[in-house]
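Derivation of every value follows stated rules applied to the coordinates shown; laboratory data play no part. Computed from a predicted structure; not experimentally measured. Glycine also receives a Cβ, built like all others from the backbone with ideal geometry; neighbour counts cover every protein chain displayed.
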Amino acid sequence: MNLDSARQAFAAEVAELLQSMEDALLALEQDPADPEALNAVFRAMHTIKGTAGVFGYEPIVAFTHAVEGLMEQVRAGEIKLTAELIAALLECRDHTDRLVSACLAADSPEAELAPDLVGAGAGLLARLAQGRPSSASSPPVQSKHLPIGRDLWMISLRFTCDAFRHGIDPLSFLRYLASLGELVHVTVRLDPEAGCTPGFDPETCYLQFGIGFRGDVDKPRLASVFEFADQDCEIRILEPDSAHAKYLELLDTLPAEQVGCIGELLVRIGALTQAELERALAIQSAEGGQRRIGEILVDQGSIKPAVVEQAARVQAAARNRVQEEARFIRVDAQRLGHLIDLIGELVTSSAAIRVMAKRAGIEALDEVVDGVDYLVSEIRDQALQLRMVPIGDTFSRFKRVVRDAAQELGKQIELVINGAETELDKTVVEKMVDPLTHLIRNAIDHGIEPPHVRIAQGKPSQGTIALTAYHDSGHIVIEIADDGAGLNTAKIRAKAEALGLVRPDETLAREEILNLIFVPGLSTKEQATNLSGRGVGMDVVKRNIEALRGTIELASEPGQGTRFTIALPLTLAIIDGFMVGAGDGQYVIPLAQVVECVELQPEQGSGRHGHYVNLRGEVMPFIRLIELFGPGRSLSSQRRESLVVVRFGHHKIALVVDALYGELQAVIKPLGKVFEQLKGIAGATILGTGEIALILDVAELAAIATEQPLMTRGVGAAV
Amino acid sequence: MGELIAVQRSGVHLDLNAEVGQYLTFIVASERLAVPIEVVKEIIELPAITRVPMTPEAIRGVINLRGSVVPVIDLGARLVRRPIAPTRRSCIVLVEVQAGEDGQVLGMLVDEVKNILEIEREDIKPPPSFGATIRTDFIAAMGRVDEIFVIILDVDQLLSIQELAALRALSAEPVAARVEDGAA
């Protein structure tokens, strides 16, 4: 593997781990004792440390090691996780991020880091250290002399009745054991049951020993002491609590590829001896495999249940991971993009074949073309699916934004996420991060009131920002709603008047005033904050969303809050379209937006009674494409026209067209920068004939028609 | 197109000497115009042009260039506000212009492509301050060839993406009027 791609993989892994660490830390804010979250934080630091070590990034190793050490103490319950500590850990996460970027950017692993980065790291570590128990008493994990009872190895020896006859001297084992450490207490019991013959026989061994032992040994070492007596003695060694904790940690940090069956796992970490395992396996096979090996081991007294449980968890997790790894392949997004481009060409080519087949008039060929068409559309759907990612990953990063911003402003805000599993094209998701961040910051900064204001208004002191995603007619809809103060229309209007956007005598509907916030240069807050900036944002937000062929609407009630509704196309590459003809042009409407097609009665569409028709009792405004698109084309009244009813958001309008050509797969080609300011046309697509059809943006067409209600010929693309 | 090939056959070779520049000449509204050969990517026969509604006349439409959608600028409309009436000799000269970070390929619809000329540096004169039939800021220089002047166009100005994007359809008078003002 080349090192660059290895580094990229490292960067990607770090990003994932840091995200999970952040999620976990935020979860810990709610429940500081959540063991899963504690483990996640620990694991993130531990894994980054390990991988950074492979690359030789010493600063990362040193820093993550320190944080990992702290998390270890937190897990052991030696340090209480306070809000300050969580805040410090969040900053540690950010610092790790910066360290990794700095190390990756450096030419060599040994390169010196910027002094301010080093200083920041040292400062953070000092803050972490404050959370530790007073360092005068040495940390418990390093102490040689542990309190009695908790840290003793409990060894039980039951010699068989024939032990003496086989030349076993129990005392010699005890003496040897004493040389390894300290025999804290030894209890001797005579077990009459052990006698194999009635009456007391001096050559029969009735002895049982219970030994409390303290020493710096591990279980296999202890087991080896009694190895010689293995045949004549039932040996049970139970680890002390401190070793127990060590096992748990070892289990946690075992690399996935070393996780095998549970028995081997326990032997590997030294919690179980090979002999104990073999004995248990023998019992298991004798019983016919009814009980799990872990149960038998616990029954035998070889191991504590907690360790077995943890081992089982680790095993399951490793198994899942292996399965996940087998299920997922990391693919370069560029390769995927290239694949989708090629499929786009394939769609166009197969449309060309269809045209040729029609011209040739060979019936048999038509069937083959149908088959190819079907396959191509399947391939297209599958390929586009590859780029779909759940939007939840993007949403969850806003938790941090909300938390940090709320703390900074002294507000209490909860972020509620709905529909995190909704899938969206990755390229769209990436381009939505900035607009969403801006809207959420706006909601935090301008929307949600400080707690005292909220209480005074009879609202709960904690404000809520709800992020919701769902699918709707070929679009994904993202809503950002807060229960804050709502937008102040009077202020917006005053500002707009000051800027000369609105005349003082102009009457504007509430909705129109609200929409003024999308005009460049309008900010309702007199004093700009560093959070939502100086009001340069909303127009940029709108532009970004429109660049994705999306729309944004807003609703706001004073005192109730503000809701932004963003509708985005599912993908940027290929759509199912419906082709229509108007004049000598061919136009494609996204199929998902087409509700129905009806024939237009000539007297209805004359325009004498306004540009609307009665569609089964519904008032349906319409746009005649050739009127809007003119100029210079005669309105041929002879032709039969059709109404295509289209839907966007909550609105429905009809387009009057000359011809209906039917469905097609349209590969969206950008029109280029020359047409950047053109409204109403979303792009172009190349037809099977090689001709170009333009893709209509229904929402923008409706907006143009609304601005120019008379719809004279050659209406300009305003704004 | 045939003419261009003929020129190449006639043995015009690329001379990298800065003293002599090569220019592609063509005709728009009876005017002999030239652009530096370096900006020209390709010359194609007139394909079907799809008109884009709600755009000014200068933007003739879009063409399908081997699977890409390429905008075509009508130089007649752009230079003298008289759209080109396509004939068999009409051609599209494809050029690449800078659009922000990256390049964008644009087509220029012209009446007729003539030939490639070599013009020496000393024969290149600054544009006249008035008297030209086209907007002065579109003119990079005048080139003298056999006592005749050809107008060397400033492609970046002529095909400025920003300006083209800002052009509105006919009904949006203010912008169109401004364009007219500029045409001295």
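Relative to its residue count, the range A:383-455 spans a Cα convex hull of 73 Å³ per residue.
Just order A:10-19, A:501-510 by mean Cβ neighbour count inside 10 Å, highest at the front, would you?
Listed from highest to lowest mean packing, they are A:10-19, A:501-510.
The range A:359-417 and the range A:2-72 have their alpha-carbon centroids 29 Å apart. Taking other C-beta atoms within 10 angstrom as a stand-in for reagent exposure, A:Cys161, A:Cys92 fall in the order A:Cys161, A:Cys92, fewest first. Between amide H atoms placed 1.01 Å from N, distances below 5 Å from A:Ile417 occur with A:Leu467, all of them 5 or more places distant or on a separate chain.
Computed as a quarter of the hull surface, the mean projected area of the alpha carbon convex hull for the range A:353-404 stands at 4.9 nm².
Restricting the calculation to alpha carbons of the range A:273-374 gives Rg and Dmax of 30.1, 84 angstrom.
Once the convex hull of all Cα atoms in the range A:408-449 is built, its volume per residue stands at 82 Å³.
The mean count of C-beta atoms from other chains within 10 Å of the C-beta of residues in A:681-693, rounded to a whole number, is 4.
Per-residue shielding of B:67-80, expressed as the average number of other chain Cβ atoms within 10 Å of the residue Cβ, stands at 3. Residues whose amide H falls under 5 Å from that of B:Lys41, counting only those 5 or more places apart or on a different chain, are B:Leu94, B:Val95, B:Glu96, with hydrogens built in the peptide plane. Legend: distances between Cα atoms for A:Lys426/A:Lys459; A:Lys80/A:Lys399; A:Lys491/A:Lys669; A:Lys358/A:Lys669; pairs beyond 31 Å are A:Lys426/A:Lys459; A:Lys491/A:Lys669. Of A:Lys652, A:Lys491, the sequence from fewest to most neighbouring Cβ atoms within 10 angstrom is A:Lys491, A:Lys652. For the peptide A:658-670, the mean number of other protein chain Cβ atoms found within 10 angstrom of a residue's Cβ is 1. Taking Cβ atoms as reference points and 15 Å as the exclusive limit, the residues near A:Ala383 contribute a net charge of -4, counting Lys and Arg as +1 and Asp and Glu as -1. This ranking places A:Glu278, A:Glu91 by how few other beta-carbon atoms lie within 10 Å of each, fewest first, which gives A:Glu278, A:Glu91. Amide H contacts under 5 Å for A:Val186: A:Gly212, restricted to partners 5 or more places along the chain or on a different chain, H placed in the peptide plane at 1.01 Å from N.
Within 13 Å, Cβ to Cβ, of A:Arg292, how many net charges do the neighbouring residues add up to if Lys/Arg are +1 and Asp/Glu are -1? Mind dumping the intermediate values first?
Details: positive: A:Arg291; negative: A:Glu287, A:Glu295, A:Asp299, A:Glu309.
Summing Lys and Arg as +1 and Asp and Glu as -1 gives -3.
Relative contact order, whole percent, for the range A:3-136 stands at 26, derived from Cα pairs under 8 Å and 6 or more residues apart. Stokes-Einstein diffusion of the range A:389-569 at 10 °C, 1.306 mPa s viscosity, Kirkwood radius from Cα pairs, rounded to a whole number: 95 µm²/s.
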